[in-house]
Amino acid sequence: QITTLINHKDKPKRSDKTLQAIQRVGQAVNLAVGRFVTVGEAIANENHELKEEMSVACIEARRAGETIAQLTDVASLDHPESDSHITIFTDKTGVVKAARLLLSSVTKVLVLADRIVIKQIITSRNKVLATMEQLEKVSSFQEFVQIFSQFGNEMVEFAHLTGDRQNDLKDEKKKARMAASRAVLEKCTMMLLTASKTCLRHPDCESARINKDGVFHRMRLALEQVIEIVTDSRPNGESEMAPISIYSGIKEFKNKVEGLRENLYFLSKENLSTMLEVILEHTEDFTDSAYTSHEHREHILELSKQAKMELEQLVSVWMQAQNQKTKDLMEDLEVAILKTCQCMNELKREVHSAATSLAADLLKYHTDHMVLKALKITGVEGNLEAVAEYTCKLSEQKEQLVEMCRLLRHVSGTEPLEITCIHAEDTFQVTGPQIISAAETLALHPSSKIAKENLEVFCEAWESQLSDMSLLLREINDVFEGKRGEKRVYLSLPRPGKHNANLKALKPVKLDSEEQAKIAKLGLELHLLTSDVDSETEKWEDQENEIVQHGQGMSSMAYSMYLFTRGEGLLKTTQDLFHQAEIFATEGTKLASALHALSDQVHDDDKPLLLLEAEKLISMCKQLQATAKASAQGKSATFTKVDACILKTRNVMTLLCQLLPLCCKLLRKNKAGNGCLKPAPPWKEDRIRTGTNARTPERRVETFGIKSLENHVTNMTFLESK
């Protein structure tokens, strides 16, 4: 709105319609600023240490908004010119100054609000740490129950604050680290309860003390990591050294090699050779692993040798081309670049196959949890010798799973998934010994109900991590196949007054197995349609076309909804699904706008059909949006709403399958010179160009890709009640 005011063109004659439009924009800006400032002032009243700074910023913003409203008040134009009343038409610099002041003060309010959020998280963490210290020192059950009740409330508050912050983080790597830390805290809260109770019941038991100390230590590390992420700092000023994966190494290497097409002198041959050496060193994690198959090991060694040869050939031609740029040499260089990149792609494919096939085999082999079951049985029997035997087997299993996580990290494809692999590795490393100490405690005290419950909790954590690994493996494969997108929703600005209480009331719902079975057919139809849409978009020569981008975005979202019907993927609850359906409908409306823009240029007989299909798409998207926003109380009503959302999404995807080939045909006609398209007016070209360029690859697909906060809050509330 501010841009509209500043960019409006001065004309000698102004129609009433123009004057009214400018006044409406000025008033809208002032109203928006008023609402924004009201929230800022409420935050200021609740946070006295920043009240003065926040109040000044709010006053500045309100004053700027009122100035803009006065300058755009066209009623003053009825007055005689001698009135000397300044308006946007007599002095545009006044509006520019007011706009600058407004943007500056609004930014200040946001920065101050952000400081308040960070302080709230640090204060909450300090409360949790203080209560943990009390819990460590308690010596009676009564005192423990009292303090743990307080600890539960503090953990719920910490979960709320960090959950919102996690969603607001722009850096996907930090977001993944935050999610990992919060997952540790969630699981450790129940472990802390049972481990502490076991220690209180058996105070002289060394294995029980080791078990409890391990939980407290892990929670402290997780709390510290949350603060590092929130404050963007490391202890003692250390810089974070993330291990390089094979995928990221190959990606960077290929970028450098392909850059030789544009510039032969921007890097040295030693630089390229060093990069390849680092990649091949990392492949030794696969070739040296006892769990890599002989076939995969041989292929990786063969491709590593081939990569060295291809690079030698590339360097040879490259050096010659630097001295003499002949046509033949440049053609030889292009061939060498293509062969080098192809070899690296094959190496990437081979290590991906080695890691994912190992993971699939291990996860399948360990699904029965036989070792954990045996530990529980022998522990209850008090059979120390058998427990020792099965703890050795669990240690072997832990080493296998840790190795699996290390190899998966190399092929995960994105930094967030790399961090998830590192978190999984840490979880297996830590949980394995904790299960062993819990089993030893039970074997020493076989009649102890609390020792038995404690072992159950740690075994459940192990089983849960194995289950998470199956989902992680699917996500890694999705990235490899190009089927993954993310969506950001901002949540963590401090909410004055009652808004903080709203989070506790959220009740997420998941589909049970019976409901999944009912909706399976519909989900499968949706999956097939996503494949059809993907196939149609691949036929387009211009992959940056706005219609293609919207189509790909909708297909990716529909695929996430299909995964939900199977109880998989990034959408965890029905609330996630309904949110996704709303975003899907919005993307469909944007696609309809792009179709209208195309129809304005069409002269032939297809124009009426294109317009008809666009209107049909708008109608379907409105229906889906209304369904997604409608309230549903109770399990039956919620399932009916889920069914309706999937059904309406399927109908939109069916229409999309018809629209894409129609648009592709029209554009091909234009390229062939049949004259079916007329030149668009300049303003439309600008609009379409701006819309396309603004869509970067990272932001192209709008999907709801975050762990459901509601699910976390529900779990923490359950722990509080315990």
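Condition test on V387, is it buried (at least 17 other Cβ atoms within 10 Å of the Cβ) and part of a helix (DSSP H, G or I)?
Taking the combined requirement at face value, the residue satisfies it.
So the check is Cβ under 6 Å with 6+ separation or different chains; which pairs have a first residue in region 317-346 that's closer than 22 Å to M275 by Cα and a second one that's in a helix (DSSP H, G or I) and open to solvent by 90 Å² or more (accessible area, probe 1.4 Å)?
A336/Q313
Considering each of V642, V602 in turn, give the residue that is open to solvent by less than 40 Å² (accessible area, probe 1.4 Å) and either within 28 Å of the chain's Cα centre (by Cα) or not assigned by the TED database to the domain that holds S560 (or both).
Step by step, each of V642, V602 is checked, and only V642 is open to solvent by less than 40 Å² (accessible area, probe 1.4 Å) and either within 28 Å of the chain's Cα centre (by Cα) or not assigned by the TED database to the domain that holds S560 (or both).
If only one of T565, T530, T574 is in the same structural domain as K665 (by the TED database) and over 16 Å from Q516 (Cα atoms), which one is it?
None of the other options fit; the residue is T530.
Starting from region 18-44, keep only residues that are under 18 Å from L101 (Cα atoms), then list their pairs with residues that are open to solvent by 30 Å² or more (accessible area, probe 1.4 Å) and of a type in the set (D, E, K, R) whose Cβ atoms are within a distance under 8 Å, requiring at least 6 positions of separation or different chains.
Listed pairs, sorted by first residue: G26/D73; N30/E66; V33/R62; G34/R62; V37/R62.
Does at least one position in region 330-338 carry a residue that is within 28 Å of E481 (Cβ to Cβ) and part of a helix (DSSP H, G or I)?
yes
Quick one: how many residues across region 314-329 are open to solvent by 100 Å² or more (accessible area, probe 1.4 Å) and assigned to a helix (DSSP H, G or I)?
Going through region 314-329 one residue at a time, the tally reaches 3.
How many residues are of a type in the set (G, A, S) and open to solvent by less than 30 Å² (accessible area, probe 1.4 Å) if we restrict to region 143-159?
Number of matching residues: 2.
Select from region 109-140 the residues that are polar (S, T, N, Q), in a helix (DSSP H, G or I) and open to solvent by 10 Å² or more (accessible area, probe 1.4 Å) and list them in ascending order.
Correct list: Q120, T123, N126, Q134.
Would you point out the residue of region 165-175, among those that are surrounded by fewer than 23 Cβ atoms within 10 Å (Cβ to Cβ) and in contact (Cβ under 8 Å) with a residue 12 or more places away in the chain, that is farthest from A461 (Cα to Cα)?
Looking at residues that are surrounded by fewer than 23 Cβ atoms within 10 Å (Cβ to Cβ) and in contact (Cβ under 8 Å) with a residue 12 or more places away in the chain, I get K170.
Would you please list the contacts, defined by Cβ atoms under 8 Å and residues six or more apart or on different chains, that run from a residue in region 369-390 that is closer than 16 Å to G432 by Cβ and touching a residue at least 12 places away in the same chain (Cβ under 8 Å) to a residue that is open to solvent by 30 Å² or more (accessible area, probe 1.4 Å) and not in a helix (DSSP H, G or I)?
That search, which allows pairs on different chains as well, returns G379/P446.
Would you be able to say whether some residue in region 285-307 is touching a Gly at 6+ places or on another chain (Cβ under 8 Å) and either not in a helix (DSSP H, G or I) or not aliphatic (A, V, I, L, M) (or both)?
no
Assuming F428 fulfils every condition listed in (1) without any contact (Cβ under 8 Å) to a residue 60 or more places away in the chain; (2) open to solvent by 10 Å² or more (accessible area, probe 1.4 Å) apart from one, which condition is it?
Looking at each condition in turn, F428 falls short on (2).
Here is a list of conditions, (1) modelled with pLDDT of 70 or more; (2) under 20 Å from the mean Cα position of the chain (by Cα), and K518 meets all of them except one; can you say which number that is?
So the condition that K518 fails would be (2).
In region 433-459, what residues are surrounded by fewer than 20 Cβ atoms within 10 Å (Cβ to Cβ) and under 19 Å from C392 (Cα atoms)?
The answer is P433, L444, E456.
In this structure, does K622 turn out to be open to solvent by 50 Å² or more (accessible area, probe 1.4 Å), charged (D, E, K, R), assigned by the TED database to the domain that holds K648 and in contact with a helix residue (DSSP H, G or I) (Cβ under 7 Å, 6 or more places away or on another chain)?
no
Restricting to region 513-548, and then to whatever is part of a helix (DSSP H, G or I) and acidic (D, E), can you tell me which residue is least open to solvent (accessible area, probe 1.4 Å)?
Going through the qualifying residues, I end up with E515.
Could you go through region 73-84 and let me know if any residue there is surrounded by 14 or more Cβ atoms within 10 Å (Cβ to Cβ), at pLDDT 90 or above, among the acidic types (D, E) and over 30 Å from Q150 (Cα atoms).
Among the residues of region 73-84, not one is surrounded by 14 or more Cβ atoms within 10 Å (Cβ to Cβ), at pLDDT 90 or above, among the acidic types (D, E) and over 30 Å from Q150 (Cα atoms), which makes the answer no.
Of the residues that make up region 360-375, is at least one surrounded by fewer than 22 Cβ atoms within 10 Å (Cβ to Cβ), of a type in the set (K, R) and part of a helix (DSSP H, G or I)?
Looking for residues that are surrounded by fewer than 22 Cβ atoms within 10 Å (Cβ to Cβ), of a type in the set (K, R) and part of a helix (DSSP H, G or I), one finds at least one in region 360-375, hence yes.
Condition check: modelled with pLDDT of 90 or more and either open to solvent by 20 Å² or more (accessible area, probe 1.4 Å) or farther than 30 Å from I227 by Cβ (or both). Does T162 satisfy that?
no
Among the residues of region 52-70, write down those that are of a type in the set (G, A, S), open to solvent by 10 Å² or more (accessible area, probe 1.4 Å) and under 18 Å from A42 (Cα atoms).
S55
Could you list, in sequence order, all residues of region 574-599 that are without any contact (Cβ under 8 Å) to a residue 40 or more places away in the chain and either open to solvent by 40 Å² or more (accessible area, probe 1.4 Å) or not in a helix (DSSP H, G or I) (or both)?
T589, S593, H596
The values are calculated or read from the model by the stated rules, or taken from the named source; none is laboratory data. Worth saying up front: this structure is predicted, and the values here are computed from it rather than measured. Backbone-built Cβ (ideal geometry, glycine too); neighbour counts: all protein chains shown. Ligands, DNA and RNA are stripped out before the accessible areas are found, and what is left, the full protein with its side chains, is counted by its heavy atoms. Shrake-Rupley method; radii C 1.70, N 1.55, O 1.52, S 1.80 Å.
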